[in-house]
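Structure, as C-alpha cells:
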Amino acid sequence: MAQRTEAMANKMLHNLWSVRMRASKNISGKGQGTRPIGSLSQRLIEGRGQEMHISGAEGIYGPSDIDKVIKSYYQRAVEHSRGLPDEIVITVERLKQRPDIVSVLPVSTIKSGSPSEAHKTINGLLSDAGLSKKAIENGLKVVCGKKAMRGASMIKAESGIRAEPDRKRGVRVSMLGMDKGSEKAISMKLTKARINTTTVKEALTLASKVASCGGVIAELCISDDPDYTTGYVTSKRFGYIRIPRIKQKGSLSGGRVFFIKERADVKKIIEYLEKRPVIAKGLPEVGGAVSLNEVLSCTNS
Ligand code: PML
C-alpha cells in the first residue's frame with residue numbers, strides 16, 4: 001500500500017508543468033496604441049525593441065489545473081492597470097526533472113512610516129545578515145535608481161561588487177511554484193493578517209526559492225509598480241520581512257537584489273534560480289507587526 005502511494009506520488013511529480021505568462025505592449029508607435037515616453041511603466045523589454053512589460057506570472061501545476069491557470073493568466077494580463085497588452089505569451093513546459101521541495105519562509109512585517117525609516121530597517125536587517133556597508137549601499141542604489149531593472153542584480157556580500165553577468169537583463173527567477181495544499185493553508189493565515197493577495201503569495205514563493213539557494217545570503221525587493229509601496233527583505237536567518245512605505249507612491253524605481261557569498265559560484269546560483277524547478281511547501285508562521293529590535297534580538301539569541 002505504502003509502495004503504491006509512493007509510486008503514485010512519483011508519477012504525479014513526473015507530470016508537472018511550468019506555466020508562464022508574459023504580457024507586453026508595443027510602444028514603437030507603428031500603428032499601435034502608445035503612451036508618451038516617460039509615462040507609467042516605460043520599461044522597454046531588453047533586446048525586444050520598443051516593448052513595454054505589462055504583466056507576468058508563473059507557477060508549477062498538474063495537468064488538471066492547466067486549463068484554469070491559462071484562463072486566469074490571460075484574464076490577469078488583459079485586466080492589468082498598465083493597459084491592454086498587444087502580445088501575451090503563455091508557455092506550458094513539462095518539467096524534465098523532479099522539483100526540489102523547499103520551505104516557505106515565515107512572514108512578518110516591520111512597520112515604517114516613510115522611505116527613510118524603511119531604509120533604516122533595511123540597513124539593520126541586512127547588516128544583521130552579515131553584509132558589508134558597501135554591499136548594502138550598492139544594493140540600495142540598484143533598487144532606488146530611476147530605471148528599474150527587469151531582472152535581479154547580484155551583489156557580493158563583502159566587496160559589494162555587482163556579479164550578474166548581464167547588467168541589462170539581470171537574473172530572472174523561474175521554474176517555481178507553491179504546493180497546492182500549502183497555498184490553501186497559507187492563504188488562510190494571510191487572510192487573518194489581511195495580506196492574502198496574489199502579489200504577496202507570488203513574492204513569498206519567489207523569495208522562498210531564492211532563500212533556499214546555498215550561495216544567497218539575503219534578498220532585497222522593491223516593486224517597480226508605482227502604486228505598490230510595500231517591499232521586503234528576506235534571509236534564511238529571519239524569513240520574509242515586509243516593509244511598508246519602502247518608496248514614495250508614484251515612484252517608478254524598484255527591483256530585486258540577491259546578496260551572495262563573496263566567493264560563491266555565480267554560474268551555479270543563476271542555473272539554480274533560472275532553471276531548477278522548485279516547489280515551496282509548508283505552513284510557516286505569519287506574524288503581525290514586529291519591531292526591528294524584536295527581529296534582531298531573535299536572530300542573535
Ligand atoms: C513584486 O512586484 O512582485 C514585488 C512585490 C513585493 C512585496 C510583496 C508583499 O507585499 O509582501
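FYI, it's all coordinate maths here, none of it is from the lab. Keep in mind that this is a model prediction, so the values were computed, not measured. Every residue, glycine among them, receives a Cβ derived from its backbone with ideal geometry; neighbour counts consider all protein chains shown.
Below are the figures for this structure:
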| item | result |
| --- | --- |
| Spin-label pair HIS80/TYR228, simplified geometry with 7 Å Cα→Cβ offset, distance in nm | 1.0 |
| Residue of GLY113, GLY160, GLY231 that the Gaussian network model of the chain assigns the largest fluctuation, springs spanning Cα pairs under 10 Å | GLY113 |
| Around VAL216: net Lys/Arg minus Asp/Glu count, Cβ-Cβ under 10 Å | +2 |
| Modelled FRET efficiency - R0 30 Å, CYS298 with GLU158, Cβ distances, 0.05 increments | 0.75 |
| Above-threshold pairs, the threshold being 20 Å between Cα atoms, out of LYS192/LYS236; LYS147/LYS201; LYS71/LYS281; LYS141/LYS247; LYS168/LYS236; LYS209/LYS275 | LYS192/LYS236; LYS147/LYS201; LYS71/LYS281; LYS168/LYS236 |
| Prolate/oblate/rounded label for region 216-268 (Cα gyration tensor, a/c 1.5) | oblate |
| Inter-label distance, nm, simple model (7 Å from Cα along the C-beta direction), SER187/ARG169 | 3.5 |
| Shape metrics for the chain, restricted to C-alpha atoms - Rg then Dmax, Å | 19.3, 64 |
